[in-house]
1. For the range 5-34, name all the residues that are out of contact with any strand residue (DSSP E or B) (no Cβ under 8 Å at 6 or more places or on another chain) and either in a strand (DSSP E or B) or closer than 18 Å to residue 102 by Cα (or both).
2. How about the range 16-33: which of its residues are out of contact with any Asp or Glu (no Cβ under 8 Å at 6 or more places or on another chain) and not acidic (Asp, Glu)?
3. Can you name every residue in the range 30-70 that is hydrophobic (A, V, I, L, M, F, W, C) and at positive phi?
4. Only one of these is of a type outside the set (Lys, Arg), more than 9 Å from the chain's Cα centre (by Cα) and over 14 Å from residue 83 (Cβ atoms): 7, 53. Name it.
5. Residues that are closer than 26 Å to residue 22 by Cβ and touching a residue at least 40 places away in the same chain (Cβ under 8 Å): which helices (runs of 4 or more DSSP H) entirely in the range 42-108 hold 3 or more of them?
6. From the list 85, 99, which residue is out of contact with any strand residue (DSSP E or B) (no Cβ under 9 Å at 6 or more places or on another chain) and at pLDDT below 95?
7. Failed condition for residue 53, given (1) surrounded by fewer than 13 Cβ atoms within 10 Å (Cβ to Cβ); (2) of a type in the set (D, E, K, R); (3) farther than 22 Å from residue 106 by Cβ, with all others met?
8. For the list (1) touching a Pro at 6+ places or on another chain (Cβ under 9 Å); (2) more than 19 Å from residue 91 (Cβ to Cβ); (3) among the hydroxyl-bearing types (Ser, Thr, Tyr), I need the number of the one condition that residue 44 fails.
Amino acid sequence: MTYVVTESCINCKHTDCVDVCPVDCFVEGPNFLAIDPDTCIDCSLCVAECPVEAIFAEDDVPEDQRDFIRINAQAAKAWSPLTEKKPAPADAEHWAQVKDKRALLEMA
């Protein structure tokens, strides 16, 4: 089992989770973070650190977010690793309150 970043992270991109990851399994895209399922060791340290509650164990991903399992795997192959905490975007708190952000996900 791996951990999965879901829709709540879109445009928030808090990196508190990255700071605690012992194996550097996070990758960074234009407006989203993802977890490389091949690197994740299922330690769960990232879950408690996510201020927008965007990270779930694969088996616990909400039904309407299950496509993020595939999205994280695809992103892990395309995006660069992120190994240090960075400041969140200036408008992250605004985006943390927004629901239904899936259409805003930038995969390029």
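The values are calculated or read from the model by the stated rules, or taken from the named source; none is laboratory data. Fair warning: this is a prediction, and the values are worked out from it, not measured in the lab. Because the Cβ atoms are built from the backbone with ideal geometry, glycine has one as well, and the counts that use them run over all protein chains shown.
1. 7, 8, 10, 11, 12, 14, 29, 30, 31
2. 21, 22, 23, 33
3. Passing the criteria: none in range.
4. 53
5. Where helices (runs of 4 or more DSSP H) fall fully within the range 42-108 and carry at least 3 residues being closer than 26 Å to residue 22 by Cβ and touching a residue at least 40 places away in the same chain (Cβ under 8 Å), they are 67-78.
6. Going through 85, 99 in turn, just one is out of contact with any strand residue (DSSP E or B) (no Cβ under 9 Å at 6 or more places or on another chain) and at pLDDT below 95: 99.
7. (3)
8. Against the list (1) touching a Pro at 6+ places or on another chain (Cβ under 9 Å); (2) more than 19 Å from residue 91 (Cβ to Cβ); (3) among the hydroxyl-bearing types (Ser, Thr, Tyr), residue 44 comes up short only on (1).
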